[in-house]
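Peer 1: One structure, as structure tokens, below. Some questions next.
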């Protein structure tokens, strides 16, 4: 059975507060009858309608009009029926914080302050001295609350933009990965398939004239095809998201196979890093490890991790031949720069008794961590 809601759930509990307020004029005007009692109920009912209209966030002009009606109702109820109706000011204070334009926000807040303080002054003149003093701290809260609402809205908007930016980064990473896979297929698998094609043509020519050599070429074709299959498996394996811990194990195996010692410094916990950051750093580590194994002629490699406030730093150092001054940046280092640019990260390299590769990745620092 569908539940009955007098007001939509998104309105919260505020409309029901208004329903309770509908009974308040009875206490203030119980000694009178007639038009004043009816007029008080009508004003509170109109205030309830204005609350519903403002909650739907109409165009600015309509929004301002309903706010003006609310303020007018608060003044009339406070002066004619009872000073405690001034508590209704918490409702327009909330809606003032939803103004996006700074000029409109300041103008609305100035008007709201003038109305509240003016009403409070008139109540004081009427002789409600105790009530006036009682209201002062509540008036202060009413005047401050729009700033809190506005700050909350800004943070929500920033979080929304951050989510959109993260989604865009994920799409860019996927696109970059597709380009990388296409490049790898062209550079490795394309060459291997071309070689198989040439070998198959050669076998066709030799099968009648030199059968023994044709058998040898067929065996080489089999080895080449197995190599192609292995390359495809490696490319498929690289398509999944990698973690830093997994890639460090892979990097150590590659370096040890090349006769290069491996040492890791700076901790083993990377779970606090987002998956996207881990994936990009892992790909950079794979590229660096491959380059060191192939070109460095080093005996040792050290990977040092360090986290500073707002940044994650990786330094990869080897004791090999370094980089000649006249050597252009290769595709591997250029690929690192392209990947890290998606995170606003940087990569730098220099020669100092070997090659030193420094990677810097900015991290989002949570507010609670900044206050510690």
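The values are calculated or read from the model by the stated rules, or taken from the named source; none is laboratory data. These figures come from a predicted structure and were not determined experimentally. Here the Cβ positions follow ideal geometry from the backbone for every residue, glycine too, while neighbour counts run over all protein chains shown.
Peer 1: Filter segment 120-148 for residues that are closer than 25 Å to residue 61 by Cα and surrounded by 18 or more Cβ atoms within 10 Å (Cβ to Cβ); which is nearest to the chain's Cα centre (by Cα)?
Peer 2: 146
Peer 1: Answer yes if at least one residue in segment 311-318 is at pLDDT 75 or above, within 19 Å of residue 271 (Cα to Cα) and exposed (fewer than 12 other Cβ atoms within 10 Å of the Cβ), and no otherwise.
Peer 2: no
Peer 1: Suppose we filter 99, 87 for residues that are part of a loop (DSSP other than H, G, I, E, B), surrounded by 13 or more Cβ atoms within 10 Å (Cβ to Cβ) and modelled with pLDDT of 80 or more; which single one remains?
Peer 2: The unique qualifying residue is 99.
Yes or no, residue by residue, for (1) out of contact with any strand residue (DSSP E or B) (no Cβ under 6 Å at 6 or more places or on another chain); (2) outside any loop (DSSP other than H, G, I, E, B); (3) over 15 Å from residue 356 (Cα atoms):
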site	(1), (2), (3)
263	no, yes, no
269	yes, no, yes
281	yes, yes, yes
285	yes, yes, no
301	no, yes, no
